[in-house]
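Written out below as structure tokens is the structure these notes cover.
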Amino acid sequence: MTVKAIAWDIDGTLIDSEPLHHRSFVAGSLALGKDFSGMPENRFRGVHMDDVWEAVRDELPAGTDKRDWLRAIQGCYARDAAGLAAMPGAVEAFAAVAALGLTQVCVSNSDRAIVDANIAALGIAHGIAFSLAINDVARGKPDPEPYLAAARRLGLKPAEMIAVEDSATGARSARDAGMIVVGYHQERVRFADLDHVIADHAEFVTLVRQLNTVPA
């Protein structure tokens, strides 16, 4: 089946944002009285903030309001997001895929404010059909709803789309939605049920050409 669209995860896939997510989580929580600086940086990789809240709420000071906690974290993130760097070759791959005529969307487990900040830092807003944030769905990844919503909005079958993910959480969401799942890992680790694994984004462009038998 011909691939007609690409659904990109953003954090850790297109943009090197995971360290900033962790720093913002630590700084925002500290502002409300809890120090998580000893927590491993990848503890909540790919996990949406509702689930992060459920995991840490009992460790936060009594009476901490979830909305205040989220605003504190998002404020820290937005303050420093302009300095984020794209993953190596990501913007170039995005442009190359666009040149092949494929529609591209972004499907993230992050809040809308974070998604917009990331897209602005990447400079790809003009090239995507739309983006989906956690605010746009009832259930985030690993539920398949985000990717099913993207396919539905494009009027495509999930099997006509490739999802590119860097986490097991996101890969499960895409798999259960019925998409072709490509895992991005710089050491080519097969971290979930994946159809393909790439170690750099130039490989992804080659893969798309192969799947659609587009001559180089």
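The values are calculated or read from the model by the stated rules, or taken from the named source; none is laboratory data. Owing to the predicted nature of the structure, the values given are computational and were not obtained by experimental measurement. Backbone-built Cβ (ideal geometry, glycine too); neighbour counts: all protein chains shown.
Miscellaneous remarks
Condition check ((1) in the same structural domain as V107 (by TED's automatic domain parsing); (2) over 30 Å from A199 (Cα atoms); (3) of a type in the set (S, T, N, Q); (4) surrounded by 15 or more Cβ atoms within 10 Å (Cβ to Cβ)) across all residues:
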{"residue": "D11", "(1), (2), (3), (4)": "yes, no, no, yes"}
{"residue": "F25", "(1), (2), (3), (4)": "no, no, no, yes"}
{"residue": "F36", "(1), (2), (3), (4)": "no, yes, no, yes"}
{"residue": "R43", "(1), (2), (3), (4)": "no, no, no, no"}
{"residue": "V52", "(1), (2), (3), (4)": "no, no, no, yes"}
{"residue": "D58", "(1), (2), (3), (4)": "no, yes, no, no"}
{"residue": "G63", "(1), (2), (3), (4)": "no, yes, no, no"}
{"residue": "L70", "(1), (2), (3), (4)": "no, yes, no, yes"}
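- Under the condition of being in a helix (DSSP H, G or I) and either touching a strand residue (DSSP E or B) at 6+ places or on another chain (Cβ under 7 Å) or modelled with pLDDT of 95 or more (or both), the residues counted in the range 131-141 number 1.
- Single residue of the range 72-83 satisfying the filter (within 17 Å of the chain's Cα centre (by Cα) and buried (at least 18 other Cβ atoms within 10 Å of the Cβ)) that is farthest from P142 (Cα to Cα): A81
- Residue within the range 59-67 that is under 18 Å from the mean Cα position of the chain (by Cα) and modelled with pLDDT under 95 present: no
- Filter result (in a loop (DSSP other than H, G, I, E, B) and more than 23 Å from M87 (Cβ to Cβ)) within the range 15-40: L32, G33, K34, D35, F36, S37, G38, M39
- Check on A31, surrounded by fewer than 18 Cβ atoms within 10 Å (Cβ to Cβ), over 19 Å from A125 (Cβ atoms) and either in contact (Cβ under 8 Å) with a residue 40 or more places away in the chain or of a type in the set (S, T, Y) (or both): yes
- Selection count, the range 144-167, where residues are within 25 Å of F191 (Cβ to Cβ), among the charged types (D, E, K, R) and out of contact with any helix residue (DSSP H, G or I) (no Cβ under 6 Å at 6 or more places or on another chain): 3
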